[in-house]
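Chemist: First, the structure itself, so that you have it in front of you.
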Amino acid sequence: MSAPDIPSRAPARAVLPERGPEPVRITLTVNGVDRAVEVEPRVSLLDALRERLDLTGAKKGCDQGTCGACTVWVDGRRVLACLTLAITCEGREVTTIEGLAEGDELHAMQSAFIEQDAFQCGYCTPGQIMSAVALLKEGHASDDREIAEWMSGNICRCAAYPHIRAAIRTVRDRA
Amino acid sequence: MTTAPAVGRPVDRVDGRHKVTGGAHYSADVRPTDRAHAVLVGARVPSGRVTGIDTDEARQAGGVLAILTHENLPGIATQPPLLPSLAGMPAPGQTFFPLQDEVVHYSGQPVAVVVADTLERAQHAAALVRVTYQETPSVTTVAQGRDDAYVPDAIFGGFVPGRSVRGDVEAGLAAADVRIDATYTYAANHHNPIEPAATTAVWDGDQLTLYDATQGVAATQLTVAALLGLSPSKVRVLSHFVGGSFGCKAMIWAHPALAALAARHVGRPVKLSLTREQMFTSVGHREEQEQRIELGADKEGRLVALRHHKLSPTSPFDDWAEPSLGVASQLYACAHYEGVYRLFRANTMTPTFMRAPGEASGMFALECTMDDLAHQLGIDPVELRLRNYSETDPTTKNPWSSTGLKECYARGAERFGWHRRRPAPRSHRDGDWLIGYGMAAAGYPVYGPNNPQRARARLYADGTAVVQAATPDFGTGVATVMTQVAADALGLPWERCRFEGGDTALPGIAAAVGSAGAGMISAAVHTAAARLRDQLVAQAVADSQSPLHGADPAAVTVRDGRMMLRDAPATGETYGDLLHRNFLPDVEASGAWSPSPESHHYGMMTFGAQFAEVAVDPDLGVVRVRRMVGAFAPGRVLNPKTARSQLMGGMLWGLGQALLEANYMDPRRGRWVASGLGDYLVPVNADAPDIEVELVDVTDDIVNPLGVKGVGEIGQVGAAAALANALHHATGRRVRKLPVTIEDLL
Amino acid sequence: MRPISYSRATAVADAVAAVAADPTSDFLAGGTTEVDLLRQNVLLPRRLVDINDLPLTGIEDRPDGGLYIGALARMSEVAEAPAVRERFPMVAEALVLGASAQLRHMASMGGNMMQRVRCGYFRDASSPCNKRDPGSGCGALDGFNRGHAVLGVSEHCIATHPSDVAVPLVALDARIHTEGPHGRQVHALDDFFLLPGATPHLEHPLEHGELVVGIEVPGLAMARSSCYLKVRDRESYEFALTSVAAAVDLADGVIRDVRLALGGVATKPWRARRAEELLRGAPADIGAFRRAAREELAAARTTPLNAFKAELARRTVVRALATLTGTEHAS
């Protein structure tokens, strides 16, 4: 259904199948690997990754969508894992910081963050890097002002911001 | 491999790879088998008593293992006194431990701990605990408490007197040619590191292991041991990665002990992470405050008298204020001085250290007032400060151990282009924007520990070394710089050294607070590593099979792991040769360091100068910070890369302090109005201009062996004042409150 | 968060039927409001019906030069759509200035229309709030209300409507299309957002189970020359203190037609009809802009803490109009 003059007339199914509230078995595709996990439907993608799948790279900074530390990709787009329910990710591709490097070889953005000292405590860093790589793909890194705006969803309390911009510039200019 | 000294090189962080791959495990990332989750329930009223706790519904929710309240939690063994954690003793953030009785002192005070098998179940059950209260009137704001203020004997754990006087301030003010009387108000601030405080507690019999987000593992160990009545020997604390602190993990709050008690109660490992909202009511804050400055000067702008009073709320239990008057009383030569702290009891927890604790607020008041003085007398602000430069510490008349302040002014001004500033406000424009330039001085004390700081160095026969000290790395880069320090002392390339920390099983280090970490830890590491080198050299010259046999140890130098005669480098051997030949898999030495008694005869301070350019949209009141330049003289810089990052971060904290960061108590409800990062605004990337950091070289033989004065706080001191002074220059408007927001500029 | 159960719908009719039949079911789209408020225990559904697989993601041209935006098109997709950027720049600008890149990838356009207020007293399940708990009182009225509304307020609620993109949409006379138990409905956007009055818990004229399926934006030539101006404390990732969406049709220095709406200052996206009326036919000069802004804000009801927002809103209106018309603005 789309345009207003073509109303939907599909008959409704009587009852949609309902899962939960007790734990249900779901399969998540994380970093290219199918992972079966038992979760209640209320479990966030972030808590599923961190507490059930041993992927603690994505960090919990606020659990309210206000810091960006939990940034991961779902179907290639950067999103906040704290406001995403795990069960909604069935059938979608989830990518976390653990899936960025190729074996021992760091992604260029990971190397650039180290070179530019784009972090101090490192806690927001996985989210920053997942955001930064996505930013380049989105094409919003033409200048520092644009980078700053489009990286503003990732708070760095150590305030490494100028160095984060430098790291992104470096990778952009190498490409 | 290089032979140049490692110290002073911009080495990449040694833990960088862990941090960029998600491989760095913070306290909430450890996952012991069978781990349960604890969630705190906070009081919903600021004052009164708990009259009932109905846990029936919560108990019936799935997965609940325990609900602990004052009715069933074991009482604490002892409440240690409040001492700053640098003292190296138990360091509770306040002398109140919750869940001991039914009295509520402040909103958010824990009234129950819920433990369940999953986080979601613990959170849900916590929401189902029904607590009823008998509420009594509360006091939470300066406006409410002003009339009940008192002057305490001492604040800050007893280290700072409530009143300090030199000369006769009243006479000085009377004699002054110019007087300025100004009052400054400050919103409360919260640290808000992105990692919420978290503790994972694991019991093995009567042995407790805590994974805790802390600035000092020993502080956690000693505090929890005292509270639980355990021997410290039964408590091990690990803290390998800490996601920022800025002071809120410098003191030990209730949650590590509560995690331990909960774990003992349920017989399983327990993780307790504070929520973001709980970070506003559980780990201290920078208190709301008001400061009044009365300043008298002669016609040339030389200070004659300074009166500096502060009024702020403290908790019902402790006399705490951040020491705002300290550096502001020491920076300028001024014969007549009076500083007074006034406190009133309020329904809050005890406030605590927050980056540049005291200096950031006190220097804002002083440096804005100095800007007023410069403006009033028509003297350039830099020149005014040079005229008031003090060759000695004005509070003791002791000489400075090192300064660099004048050079900071000069180098900062040059790098900034200060000479382009036209003195009159509103005299620079860029299109519709009003442009302003401002500056301020910066100072931060060099603190020393109260007890010996220890480290251990071990060299393996393969020529690699491990150096150990108990300190965690919460973003300072300590693991990186200590690798460099050890490398130079041992005569090894830094790549062959590794630092291990964050574990009370390692040699003891006090909490790394007050910018003291780099100085005291490098002293311990240097001492241990140098002792190990001397031990190896001594063994070589005593070894008849060594080419160095019989040599004077003082004539031996070590480079790239090879001991050799300084004057005949061909004569020598590697550490590895010596060890292999003597069937030694490794050699180890320990070192300890305490500040020298001589240091008491010096004023010890890190100095700096801050410069800022702002653009103001005069119609809309919008401020954009265009650039900030800071020149600092922090003594020896162990690693300019990590040091610059910390200084830059501090300056941007000044930006947040100046323009964004605020929390207020709703006086009717006695609660903070902001409880998350959506309403407590910290700078985002778009707020942060590029930052220029100028490092001014000063040698200091007094503070510690390597002459390190610290970079953690100085970056923030004076930054907010430089910005406010730039706003005044841009608009002609003097705003005496923090933060400065749009309504102040309309 | 309470235990919840979960269903995933693949057809609109299924989703509507499932929620309509169960007062304890809610729709789940991007989740940026829903999951947040579930965790705050402000929303308490028993079940979520996931609508993300519904075929409502298109952005289609309409014959009149307008657009039909599917309710599940994400904010980021709409912001990037060439048709939106060219024909309705103020819509694209409002989208890009809202939230963060991550949230814009998640949040759907329909969800944006349905988002809840950011008032701290609403978000705190233990504070009095007439919107969350009718009759319990309003914590904001004499609480900390610096960011609260000055237009459209009542003695029961002063919460600011948080949406950015709804502001240009209300200026554009957009229409909300819904599917519900009673079939297709079309709501003029201005009627879709209800003033709080004595019933702040009623935010939309929707019945339970009625699902936003699309947003129709009528063609408007002058919208090509439009802008969205947002003023806030932080440079990014923050809701507006004031914002203005404006489109102007200018000929020989005279305003032939104008669309104007305000955000950040009212309890709903605020169509500035009084100002539009005064501006139509007026010369494009600062005096006319100021007069219009003054008149529009004449009804403002302020508190000591948010009084500045009325003045800031006036200035924001003047600035937006001046920028759009290339008029010199004195400062």
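Read the figures in this text as sums done on the coordinates, not as results from a lab. Note that the structure is predicted; figures quoted are calculated from it, not measured. Using ideal geometry, Cβ is built from the backbone for each residue, glycine included, and neighbour counts are taken over all protein chains shown.
Chemist: How well do other chains shield peptide A:110-117, expressed as the mean number of their Cβ atoms within 10 Å of each residue Cβ?
Modeler: For peptide A:110-117, the averaged partner shielding equals 5.
Chemist: Next question, about the same structure. If you find the alpha carbon centre of the stretch C:119-197 and of the stretch C:213-270, how far apart are they in angstrom?
Modeler: 19
Chemist: Given a cut-off of under 8 Å on Cα pairs at least six residues apart, what relative contact order in percent is computed for chain B?
Modeler: 17
Chemist: Within the stretch B:291-353, which trypsin sites (Lys or Arg not before Pro) sit in a loop by DSSP and count at most 10 neighbouring Cβ atoms inside 10 Å?
Modeler: B:Lys299
Chemist: With springs only between Cα atoms under 10 Å, which of C:Ala107, C:Ala310, C:Ala18 fluctuates most in a Gaussian network model of chain C?
Modeler: Its mean-square fluctuation being the largest, the pick is C:Ala18.
Chemist: What are the aspartates and glutamates whose alpha-carbon lies under 14 Å from the alpha-carbon of B:Lys406, with same-chain residues fewer than 8 places away excluded?
Modeler: Within reach: B:Glu383, B:Glu391, B:Glu414, B:Glu694, B:Asp697.
Chemist: Determine the dipole magnitude for the protein assembly as shown: charges of +1 sit on the beta-carbon of Lys and Arg, -1 on that of Asp and Glu, nothing else is charged, the reference point is the Cα centre, and the result goes in debye to the nearest 20.
Modeler: So the dipole magnitude of the protein assembly as shown works out to roughly 800 debye.
Chemist: Per residue of B:9-16, count partner chain C-beta atoms within 10 Å of its C-beta, then hand back the mean as an integer.
Modeler: Per residue, the average neighbour count from other chains is 3.
Chemist: Just counting partner chain Cβ atoms within 10 Å, what average do the residues of peptide C:112-123 show around their Cβ?
Modeler: Counting other chains' Cβ atoms within 10 Å and averaging over C:112-123 gives 2.
Chemist: A further question follows. Does the stretch C:5-53 come out rounded, prolate or oblate by the C-alpha gyration tensor, with a ≥ b ≥ c the root eigenvalues, rounded set by a/c under 1.5 and, if not, prolate when a/b is larger than b/c and oblate if not?
Modeler: oblate
Chemist: Here's something else I'd like to know. For the protein assembly as shown, what is the mean residue ellipticity at 222 nm derived from helices alone (per DSSP H run of n ≥ 4: -39500 (n - 2.57); sum divided by total residues; nearest 500 deg cm²/dmol)?
Modeler: Theoretical 222 nm ellipticity from helices: -7500 deg cm²/dmol.
Chemist: So, by mean Cβ neighbours within 10 angstrom, what's the order for B:229-237, B:425-433, C:214-222, B:322-330 with the highest one leading?
Modeler: With the highest mean Cβ count within 10 Å placed first, the list reads B:322-330, C:214-222, B:229-237, B:425-433.
Chemist: Determine the distance separating the Cα centre of the stretch A:46-83 from the Cα centre of the stretch C:56-103; give it in Å without decimals.
Modeler: Using only Cα atoms to place each centre, the spacing works out to 26 Å.
Chemist: Each residue of the stretch B:592-599 in turn: what ³J(HN,Hα) in whole Hz from Karplus with 6.51, -1.76, 1.60 and θ = phi - 60°, glycine and Pro shown as x?
Modeler: Per-residue couplings from phi come out as 9, 9, 10, x, 6, x, 4, 5 Hz.
Chemist: With springs only between Cα atoms under 10 Å, which of C:His156, C:His187, C:His105 fluctuates most in a Gaussian network model of chain C?
Modeler: Largest GNM mean-square fluctuation: C:His105.
Chemist: Restricting to the stretch C:1-108, what percent of DSSP beta bridges are antiparallel, rounded to 5?
Modeler: In the stretch C:1-108, DSSP labels about 35 percent of beta bridges as antiparallel.
Chemist: Go through the stretch B:664-746 and name the trypsin sites (Lys or Arg not before Pro) that are in a DSSP coil and have 13 or fewer other Cβ atoms within 10 Å of their Cβ.
Modeler: Hits after loop and neighbour filter: B:Arg668.
Chemist: In a GNM of chain A with a 10 Å cut-off on Cα contacts, which of A:Val37, A:Val15, A:Val72 has the highest mean-square fluctuation?
Modeler: A:Val15
Chemist: Then there's this: Taking 7 Å along the Cα-to-C-beta vector as the label spot, tell me the C:Arg62-C:Arg291 distance in nanometres, rounded to one decimal.
Modeler: The two pseudo-label positions are separated by 3.3 nm.
Chemist: Taking every DSSP beta bridge with both residues inside the stretch B:234-361, roughly what % is antiparallel (nearest 5)?
Modeler: In the stretch B:234-361, DSSP labels about 45 percent of beta bridges as antiparallel.
Chemist: Given a cut-off of 15 Å, what percent of all Cα-Cα pairs of the stretch C:225-325 lie beyond it?
Modeler: 57
Chemist: Additional query: Is the protein assembly as shown rounded, prolate or oblate when judged by the Cα gyration tensor, a ≥ b ≥ c being the square roots of its eigenvalues, rounded requiring a/c under 1.5 and prolate requiring a/b larger than b/c?
Modeler: Prolate is the answer for the protein assembly as shown, as a/c is 1.5 or above and a/b outweighs b/c.
Chemist: Considering only DSSP beta bridges whose two residues both sit in chain C, what percent are antiparallel, to the nearest 5?
Modeler: Here the share of antiparallel DSSP bridges comes out near 80 percent.
Chemist: Continuing with the same structure: For the pairs B:Lys310/B:Lys737; B:Lys19/B:Lys234; A:Lys137/B:Lys19; A:Lys60/B:Lys234, note any where the Cα-Cα span goes beyond 21 Å.
Modeler: With Cα atoms farther than 21 Å apart: B:Lys19/B:Lys234; A:Lys137/B:Lys19; A:Lys60/B:Lys234.
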